[in-house]
1. Could you please give the count of residues in the stretch 83-105 that are free of Cβ contacts under 8 Å to residues at least 24 places away in the same chain and in a loop (DSSP other than H, G, I, E, B)?
2. Specify the residue that is nearest to Leu16 (Cα to Cα); the eligible residues are those in the stretch 80-118 that are surrounded by 19 or more Cβ atoms within 10 Å (Cβ to Cβ) and of a type in the set (S, T, N, Q).
3. How about the stretch 134-155: which of its residues are farther than 18 Å from Gly14 by Cβ, of a type in the set (S, T, N, Q) and open to solvent by less than 60 Å² (accessible area, probe 1.4 Å)?
4. Please verify whether the stretch 111-118 includes one or more residues that are out of contact with any helix residue (DSSP H, G or I) (no Cβ under 6 Å at 6 or more places or on another chain), aliphatic (A, V, I, L, M) and under 26 Å from Ile35 (Cα atoms).
5. List every residue pair whose Cβ atoms lie under 8 Å apart, where the two residues are 6 or more positions apart in sequence or sit on different chains, the first residue falls within the stretch 119-143 and is touching a residue at least 24 places away in the same chain (Cβ under 8 Å) and closer than 25 Å to Leu16 by Cβ, and the second residue, located anywhere, is of a type in the set (D, E, K, R) and assigned to a helix (DSSP H, G or I).
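The values are calculated or read from the model by the stated rules, or taken from the named source; none is laboratory data. These numbers were taken from a predicted model, which means no experiment stands behind them. So basically every Cβ, Gly included, is an ideal-geometry build from the backbone, and we count neighbours across all protein chains shown. The area values use the complete protein model at the heavy-atom level, side chains included, leaving out ligands, DNA and RNA. Shrake-Rupley method; radii C 1.70, N 1.55, O 1.52, S 1.80 Å.
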Amino acid sequence: MYKVDGLMKRQNNGLLRLIAVFKLVKALTLIAVGIGALHLTHANNAADTLTKLAERFGFNPGARYLDHALGRIANLPSKDFRDLGIGSFVYAALFLTEGIGLWLAKHWAEWFTAVSTGSLVPLEIFEIHRHPTVTKVIVLLLNIAIVAYLVVQICREQSSQIEG
C-alpha cells in the first residue's frame, strides 16, 4: 500500500478483483436460478418445462442422471420452487454486495466477505459429510482460501496503519 493525499491506496488489488468477479458470477448464477425457480412456481408441469430447457442447452433429457433429477424435481410442490427462488435472491444480494465492495476495494467489503464466507464454511463441511462431491470440496477449498487471503490482507492493512 502507499499513501496518496492522505488516503490509503492498494498497490496491487488484482486478487481482490478476482475474488470480486467470483462473487459476482455466483450472484448472477443465483439470480438465474431464482428467476427459473419462480418461473417453475407458475408452470403447469415443471418436468416438461425443465426437459425443454435441458434440450435447449444441449443436454440429453434421457440421460440417467438428468432423468433422475427431472423426476425428483417434478414431484416438488410449487411452494418449494418459490422458497428456492426467494433464497436464491437473498444469497445473490449478499454476493452482489461482497463483489461490488471488493471490486471498489472497500475495506468494509474485505471484513464483510471474510465474515460471511467464513460463516458458511461449517455448513459446507456438513454438506460434504452428508453428500460428498468433488465440486463441493473445490468450492470449500476456494472459500477457505478466500477467507485466509482476506484475513491476511486485513492484518497487513492494520499493521501498516499502526506503523504509518
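1. 1
2. Taking the candidates together, the pick is Thr113.
3. Once the filter is applied, which keeps residues that are farther than 18 Å from Gly14 by Cβ, of a type in the set (S, T, N, Q) and open to solvent by less than 60 Å² (accessible area, probe 1.4 Å), the stretch 134-155 yields only Asn143.
4. No, the stretch 111-118 contains no residue that is out of contact with any helix residue (DSSP H, G or I) (no Cβ under 6 Å at 6 or more places or on another chain), aliphatic (A, V, I, L, M) and under 26 Å from Ile35 (Cα atoms).
5. Asn143/Glu124
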